[in-house]
1. By average Cβ neighbour count within 10 Å, what is the ranking of 158-167, 222-231 from highest down?
2. Take the Cβ-Cβ distance between Thr208 and Val257 as r, set R0 to 41 Å, and report the resulting FRET efficiency rounded to the nearest 0.05.
3. What share of Cα pairs, in percent, lie more than 33 angstrom apart in the chain?
4. Within the chain, which whole H helices from DSSP have a Cα span along their axis of at least 18 Å and a mean Kyte-Doolittle hydropathy of 0.5 or more, if any?
5. Have a look at segment 41-133 and give its Rg and Dmax from the Cα atoms, expressed in angstrom.
6. Pop the C-beta distance of Arg70 and Phe144 into the FRET formula with R0 = 30 Å and round what comes out to the nearest 0.05.
7. How high is the relative contact order of the chain? Use alpha-carbon pairs under 8 Å, at least six apart in sequence, and give a whole percent.
8. Can you give the percent of C-alpha pairs in segment 73-229 whose distance is more than 24 Å?
Amino acid sequence: MTPVETILIAIVEGLTEFLPVSSTGHMIITSRILGIEKDEFTKLFEVAIQLGAILSVVVLYWNKFFPLNRKGFYLKLLVAVIPALALGFIFSKKIDELLESPLTVAVTLLVGGIILLFIDKLFKTPTVEEDEQITLKQALIIGFWQCLAMIPGTSRSAASIIGGMQQKLTRSLSAEFSFYLAVPTMAAATGYKLLKAWKESPELLTNTDNLFSLFVGSMVAFVVAMLAIKFFIGFLQRNGFVLFGWYRIIVGIALLVLIYTGKL
């Protein structure tokens, strides 16, 4: 990957990680458009730079994550992340196969977009306004919703936010809990990928150019993700999900046209 490609992919990650539009799907498509070869380092890079996005959540919501004696908060995150850890481990090979499919991304973007058009109307009577009100059962159910994002193009953010709204959380609280849940989920996924790379191909993590790309990509993703999160919460409170739904539909249709005309 060239420095420009590194920065572009990191910008895409930072912009889309916490929006309900699928960061993985956008990185897959961006890589295809840029003609970036899908070698082992590129696959690792697209997962590892999520560390930057994770850090942005911790910084923005510092008072939620610290002090560490907030046992109830951490217990809810632990319960919510268990489904993703278990199913991610069981279906890791199948997930890796799906990551190679632009068609999967296009279809799930389209279907997810249609769903987002109606989400605000489906869940109109929220009763949970503070994270202290979230029960362990609700946290677990949201965790299962998050697992839908194992299908590329679904969006981890969209799945967990919809799960939160289905469990009577307000739109803004659903989004914020989705951000909190991203920290253990993405940390586990990134840690697993890095450990696997270290065991199977240690040269990927000892190469100076690769390490520099990972550092730059993570820093760019961190800054862009902070801006995206601030924008998203305010926009969501004012406008809901409809615009994101139409965006996904338009992108999904455009990708299907490019795929079936042989241009992607």
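1. Result, highest mean Cβ count within 10 Å first: 158-167, 222-231.
2. Efficiency at R0 = 41 Å is approximately 0.50.
3. 16
4. Helices meeting the span and hydropathy rule in the chain are 3-16, 71-90, 102-122, 208-239, 242-260.
5. Using the Cα atoms of segment 41-133, the pair Rg, Dmax is 17.6, 46 Å.
6. 0.80
7. 37
8. Considering segment 73-229, 43 percent of its Cα-Cα pairs are separated by more than 24 Å.
We did not get these values from a lab; they are worked out from the coordinates using the rules stated. Since the model is a prediction, treat every value here as computed from it, not as a measurement. With ideal geometry, Cβ positions are generated from the backbone for all residues, glycine too; neighbour counts draw on all protein chains shown.
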